[in-house]
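Reviewing the structure listed below.
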Amino acid sequence: MHYRFLLKAGIGPALACLLIPSAAGARNPFPTDRIIHSSLVSSSALPCPPAYGQHDAGNMRLVVTNWAFWGFGGDKWDDFFTGETLYWGSEFPRGSLINQIQSAQTWIGGIKGKDTLVSIAISYDASDPEYELWQTWVSGHPMITRTNTLPGSPGYEEAVSNEDIIVKFTDTIVSHPSRLDFLRGTPHIPMGLEVTQKTYSWSHELAEDFVLFDVTVKNIGHEIVHKVYFGNMIRPSVGLLLPGSHAFAFTNNSFCGFLGRVPSAFGCGLIDTLNMMWGANSDGDPVNGEYIDEIVMDPESEQGWTKSATSVHGLLFLDYPGRKEEVQKQLSYNWWSPFDYAPLDFGPRHRENFRDFLTGGLGWPRGDASYYHVLSNGEIDYDMVYTYLIPPDDPVWLYPPREIAEMASSEGLPAAPNLLSIGPFDIPPGASIRLPYAFVCGENFHSDPDNINNLPHSVSQYYASVDFSNLLVNASMARRIYDNPGRDTNGDGYAGEFTICDGDTLYYTGDGVPDWKTCEPPASPIFWLKPVAGGLRVRWNGERSETGADAMSGILDFEGYRVYCGLDQRAASLALNASYDHENFDKYTWNGSQENSQFFILEMPFSLDSLRCLYGSGPDPCADSGFNPLLYTELSPYVRRGFNDSVFYFQRHDYNASFPGVNTPVAKIYPDEPDPSLYHPDSIPEAAYTNDGYLKYYEYEVIIDNLLPTIPHWVNVTAFDFGDATTGVRPLESALGVGAKSAYPLGTFETTAESRASVYVYPNPYRIDAGYRDEGFEGRTEDDRPDYRVRAIHFRNLPPRCSISIYSLDGDLVRRLEHDMDPSDPNSSHDTWNLITRNTQMVVSGLYYWVVEAEDGSTQMGKLVIIM
């Protein structure tokens, strides 16, 4: 995950405008030919520059903007936080180059006075697109981000997810006089609304396949807006998208549809009301009759290359109509063809609710009154594959033109607009409404490369050969995160609806109060590195890891730690070096009542002491030191007659690596320190703390030895929990790619001073053709920079504070480096020179002298040969 920092403190809006290098290449900043409706808004909502940010914490890359547009990428879109080009607006799975949608945008409609008004991110009423929802400032910035993975980072306390992105946009701008509403014949009339959009994503397995939206619509005008409807229009176009080819995001034929009531992911015969619109590639793009996971040349494709696209996506409101008695809102789902040519301009239309859009077609609406009709019509359109099967005398739906009907049902349509909307709401001045929804993806929708041949006639057979299950599980998890089932958030005694399933109480809804909580791994411990000769001492304090309850379950589920080491900070480069975890065991119980009888884990892990008390023998079972749970296996289980759980066996939950020097190199620094929970929080003795203020009970260390001393080594310490096998939640581990630290394993200045170690320089001689980058001496963690930008000569055994001077043989000063580091920093005895002179030129070949002068006036000097 790329962690995105906020703009540096002190940078105000005026300067922030200059920090968006090429975002304006896709959309210009606020133009001078527009006016702000002065009766609607104060200067605090003035437009700011457009900005684009990408969620990439999980298994999806999704672009959001500050002007009500999302899911679209291109070679002119740069990430506001990283500067990276955002080629993929909606890639899933991450790294697959499969884009899900061409774009998505917000629609808001309402009635103000006698006017029926709609504001859309991009309106197509005029010959040129017209922007109606305009970006505005968030805390003085066009866009901000925060994360709950880095304690102490900006916004950490308020962060909801691993990656929050927050934007604002407003409906306060009158359009250009020449761009008139298709029906009304006047410029765009704003409603005076401000939208705050917060989007959340996570990196762990349970929540990596979706992005959640938390949207607030506020009336910042002076008049009430009646009967407000809110929607998102998505254009599915699932398929391969190569860098620089974003125009082809319009060309992938896709199907779309609506999932209402479906079997619940909770099981037990429950039914979920998802009300989710979905989109998928029509046939999954098989190659030579099979699905492939690699890019191959295909002269017949638009891009010249192809790759199978077997995934599916969906969008659903998380607080759905009718779930709570006071929330009785109407949902609408409408789709129409992407073609603006009347014979092909079609969308499903109710006979009773028909409205003539005055365009000559049945698909694209034009003008605020028609937009509002689509937002509010209450129709749930049939799935696209059914279009060809609608007969001329259908009592509900208008008869689809044959040409577009066969195309839509047989092969799908490219980027056909889908609109999911909800309402009505009345919003008085100063009031607001909150609209949570999720963009969700799922894998393995397609499995039969020949399935498309069932269409257009055998729709039921087509649906029998596609698989929504992964999408449905992810949609259910998104809703669970929004409102945790079984959690009484407001303390009123109600924790949601439940049923009794297999003798257990199963909550399948929350209490109606948003939680935005997911199963999270324990917080990473605080750790420090200290170089030793040929190795690194890793010390950490795990108080926050071991004492924090899981956000969703409320259980203290800490299990252990893992220590990783590698040659750069990327997660893929860090290898497991040591682990430490509790000694506990999983109990596998035989369940003969299931159709497929087998052993299941029905409870949380047991400690050895608890198992002895439960299943030990003798007058005091808890004192039965001879009880060994591992003696009971699947082939030789424990049999206890007369009990429901009469047959079971045990396995280690993890490695049970909890004995220093026996099965783990990790050691508790203070093994005899009592558990601080034995004390009252206000009476913990001072002796229970380390000199730097941490509780001794949670202090650990490990030595990583046999390391090459001349290159930096990266280390990270993670914490993991024991998961919840009863609900299918695997053990979760804190982010490996976040918070890694580096050090050179050469000992600290104190140890080198004690041994009278001298300053030395390497490589010496320095040869430009020696391939130091391959050896790890330079540029290992900067792969995208050219060789000449990462050259480095290393100085070692330095005092923490000193000056390093490099001279030519003639005594001319070539470069001076001021080395000033805290002595506790693991790299305080190391520094590098980039071979650039004080005149900002690359150094030339020759013999040089270096001089190191410490704070106490002592000096050391040596020779250095450079061969360029």
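The values are calculated or read from the model by the stated rules, or taken from the named source; none is laboratory data. The structure presented is a predicted model; accordingly, all values stated were derived computationally and were not measured. Glycine gets a Cβ as well: all are built from the backbone with ideal geometry, and neighbour counts include every protein chain shown. The accessibility values were calculated without ligands, DNA or RNA, using every heavy atom of the protein model including side chains. Shrake-Rupley method; radii C 1.70, N 1.55, O 1.52, S 1.80 Å.
Annotation: of all residues in segment 786-818 being surrounded by 15 or more Cβ atoms within 10 Å (Cβ to Cβ) and aliphatic (A, V, I, L, M), the one that is nearest to residue 839 (Cα to Cα) is 814. Answer yes or no as to whether residue 524 is hydroxyl-bearing (Ser, Thr, Tyr), part of a loop (DSSP other than H, G, I, E, B) and crowded, with 22+ Cβ neighbours inside 10 Å. For residue 524, the condition - hydroxyl-bearing (Ser, Thr, Tyr), part of a loop (DSSP other than H, G, I, E, B) and crowded, with 22+ Cβ neighbours inside 10 Å - is met. The condition of being touching a residue at least 24 places away in the same chain (Cβ under 8 Å), open to solvent by 20 Å² or more (accessible area, probe 1.4 Å) and not in a loop (DSSP other than H, G, I, E, B) holds for only one of 590, 540, that being 590. Right, residue 609: free of Cβ contacts under 8 Å to residues at least 40 places away in the same chain, in contact with a Cys (Cβ under 8 Å, 6 or more places away or on another chain) and among the acidic types (Asp, Glu) or not? Considered against the rule, which asks whether it is free of Cβ contacts under 8 Å to residues at least 40 places away in the same chain, in contact with a Cys (Cβ under 8 Å, 6 or more places away or on another chain) and among the acidic types (Asp, Glu), residue 609 comes out as yes.
Restricting attention to segment 142-170, report how many residues are over 23 Å from residue 210 (Cβ atoms) and in contact with a His (Cβ under 9 Å, 6 or more places away or on another chain).
So the answer is 0.
The residue pairs whose first member lies in segment 485-496 and is closer than 22 Å to residue 272 by Cα, whose second member is exposed (fewer than 13 other Cβ atoms within 10 Å of the Cβ) and not basic (Lys, Arg), and whose beta carbons are closer than 8 Å, counting only pairs six or more residues apart or on different chains, are 487/554. Across segment 773-818, the number of residues qualifying as in contact (Cβ under 8 Å) with a residue 12 or more places away in the chain and over 33 Å from the mean Cα position of the chain (by Cα) comes to 28. Suppose the filter is closer than 22 Å to residue 440 by Cβ, modelled with pLDDT of 90 or more and out of contact with any helix residue (DSSP H, G or I) (no Cβ under 9 Å at 6 or more places or on another chain); does residue 334 pass it? The answer is no for residue 334.
Which ones in segment 207-220 are surrounded by fewer than 24 Cβ atoms within 10 Å (Cβ to Cβ) and out of contact with any Lys or Arg (no Cβ under 8 Å at 6 or more places or on another chain)? Spell out how you get there, then give the answer.
As a first pass, look at segment 207-220 and keep what is surrounded by fewer than 24 Cβ atoms within 10 Å (Cβ to Cβ): 208, 213-216, 218, 220.
Across segment 207-220, the qualifying residues are 208, 218, 220.
Residues of segment 620-642 that are touching a helix residue (DSSP H, G or I) at 6+ places or on another chain (Cβ under 7 Å) and within 14 Å of residue 589 (Cα to Cα): 629, 638.
Is there a residue being closer than 30 Å to residue 295 by Cα, in a loop (DSSP other than H, G, I, E, B) and modelled with pLDDT under 90 anywhere in segment 45-56? Within segment 45-56, none of the residues are closer than 30 Å to residue 295 by Cα, in a loop (DSSP other than H, G, I, E, B) and modelled with pLDDT under 90.
If you take the residues in segment 134-146 that are among the hydroxyl-bearing types (Ser, Thr, Tyr) and in contact with a strand residue (DSSP E or B) (Cβ under 6 Å, 6 or more places away or on another chain), which one is nearest to residue 545 (Cα to Cα)? Selected residue: 145.
(1) assigned to a helix (DSSP H, G or I); (2) within 16 Å of residue 330 (Cβ to Cβ): which one isn't true of residue 369, the others all being true? Status for residue 369: all satisfied but (2).
Counting only residues that are among the hydroxyl-bearing types (Ser, Thr, Tyr), at pLDDT 90 or above and in contact with a strand residue (DSSP E or B) (Cβ under 8 Å, 6 or more places away or on another chain), segment 83-109 holds 3 of them. Might you let me know whether segment 819-830 holds any residue that is over 20 Å from residue 757 (Cβ atoms) and open to solvent by less than 20 Å² (accessible area, probe 1.4 Å)? Looking through segment 819-830, none of the residues is over 20 Å from residue 757 (Cβ atoms) and open to solvent by less than 20 Å² (accessible area, probe 1.4 Å).
Of the residues that sit in segment 103-146 and are closer than 29 Å to residue 242 by Cβ and open to solvent by 10 Å² or more (accessible area, probe 1.4 Å), which one is farthest from the chain's Cα centre (by Cα)? The residue in question is 128.
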